[in-house]
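The structure appears right after this line, and notes come after that.
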Amino acid sequence: MFSVKGCILSFLSGAFFFFLVLSSVWWIPTGIAFWLVYFFMESRRSGSTPSKKVVLLPSATIRRRMGLQTTHIIYKDEQIRHSYLCSYLPLTATADPLSRSLLKFKRGRQPDLANWIRAALEGFSHNPLSPDTIILRALRHDETEIPQSPKTQSPETAQTQQPAEPQTQQSSQSPTTPSLFPISITSPTPLDLLGQKLATSFNCQYLPSHLQKSKPTLSNKTLSREQRETQLQNIYSISRSLPTHHPILVIDDIFTTGATTRAIIHALRQSSPNTPIELFTLAKATYPNR
């Protein structure tokens with residue numbers, strides 16, 4: 001015969017066991033539902049507030065936040081104005097979204113190519129280029145010159161390669177003056193597209209074929225500052241004379257050590273010692289812990 005105490009203990013033990021089974025069954029879907037709601041709310045919150053690390057996105061609002069920043073680089077005793085859109089961390093330092101976007105620009109990938117060009121135009125819209133500005137670009141490490149289309153050769157080249165034409169069509173330009181119409185590049189690079197867009201937007205001259213290198217060089221990204229300066233020493237030169245007193249804007253995609261820029265400035269100062277020179281790059285490299 002069962003005692004009252006034994007019945008109560010058996011009932012309590014069974015209820016406790018049933019509660020454990022029930023709670024273990026319902027805890028799993030309840031926990032899953034809780035974490036799904038949590039991650040959903042977090043994704044909504046992070047999506048509504050752009051991260052500060054993302055500087056360039058397809059959104060025009062983000063592009064306008066970049067702006068045109070200004071600093072100076074030193075060449076001998078001269079200060080050269082350097083304008084750029086933003087600072088970035090090189091891929092060798094960290095996996096930065098901005099550095100990946102710049103790499104896509106170099107490779108001509110969309111929408112990064114169009115976004116960077118649009119950001120440059122928006123930056124210069126508040127401080128427009130002078131209409132008499134001559135725009136040049138830095139050459140890639142494997143380039144020695146920038147070939148132009150035969151249809152748009154400069155007047156002095158056309159004189160030597162084509163039959164003589166009536167003087168009335170050549171009297172408006174001197175043989176030593178660069179062509180005032182846009183230069184057509186045989187195989188335009190992303191920097192060429194940027195230079196052409198700046199020239200057409202601000203009524204400037206884009207004359208990249210006036211700058212040349214004596215030989216190809218190694219890629220700078222694997223070299224130290226000293227190695228870059230050594231291999232670029234006296235390697236740039238001016239292939240065609242530039243009009244005097246016209247400001248020159250040298251464009252490049254990124255600014256790291258400044259070795260390429262100083263080599264170009266050195267070549268320009270050999271032929272145009274008093275010409276105003278400025279530099280524009282899409283980004284300026286910054287390194288952590290420096």
Open item on the list: Quick check: residue separation of Asn203 and Thr144 times 0.36 nm, minus the Cα distance between them. What number comes out in nm?
Closed with: 18.5 nm
Open item on the list: I need the phi-derived Karplus couplings for region 115-127: 6.51 cos²θ - 1.76 cosθ + 1.60, θ = phi - 60°, integer Hz, Gly and Pro marked x.
Closed with: 5, 5, 5, 5, 5, 5, 5, 5, x, 7, 5, 8, 9
Open item on the list: What are the ³J(HN,Hα) couplings of region 260-277, residue after residue, when phi is run through the Karplus curve with 6.51, -1.76, 1.60 and θ = phi - 60°? Round to Hz, x for glycine and proline.
Closed with: 5, 4, 5, 5, 5, 4, 4, 5, 5, 6, 5, 9, 9, x, 10, 7, x, 10
Open item on the list: Please list, ordered by chain and number, the residues whose modelled amide H lies under 5 Å from the amide H of Leu211; skip anything fewer than 5 residues away on the same chain.
Closed with: Ser239
TODO: Hey, can you grab everything whose amide H is under 5 Å from the amide H of Ile248? Only 5+ residues off in sequence or another chain; H modelled, so Pro and N-termini drop out.
DONE: Ile134, Ile277, Glu278
Open item on the list: Testing the spin-label approximation: label points 7 Å from Cα along Cα→Cβ at Thr70 and Ser224. State their distance in nm.
Closed with: 3.6
TODO: Pull out the extension gain between Asp132 and Ile238, defined as 0.36 nm times the separation in residues minus the alpha carbon to alpha carbon distance; nm, one decimal.
DONE: 36.3 nm
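Going down the table (Lys106/Lys221; Lys104/Lys213; Lys76/Lys104; Lys76/Lys197; Lys215/Lys284; Lys76/Lys215), which pairs top 23 Å between alpha carbons?
Lys104/Lys213; Lys76/Lys104; Lys76/Lys197; Lys215/Lys284; Lys76/Lys215
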- [ ] Pull up all non-local amide H partners of Arg137: gap of 5 or more, or a different chain, and H-to-H distance under 5 Å with H placed in the peptide plane.
- [x] Ile251
Task: Note, ³J(HN,Hα) from phi for region 83-88, Karplus 6.51, -1.76, 1.60, rounded to Hz, x at Gly and Pro - done: 9, 8, 8, 6, 9, 8
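Laboratory data are not the source of any read-out in this text; all were calculated from the coordinates shown. Remember, it's a predicted structure, so these values are computed and weren't measured experimentally. No Cβ is skipped: glycine too gets one built from the backbone with ideal geometry, and neighbour counts run over all protein chains shown.
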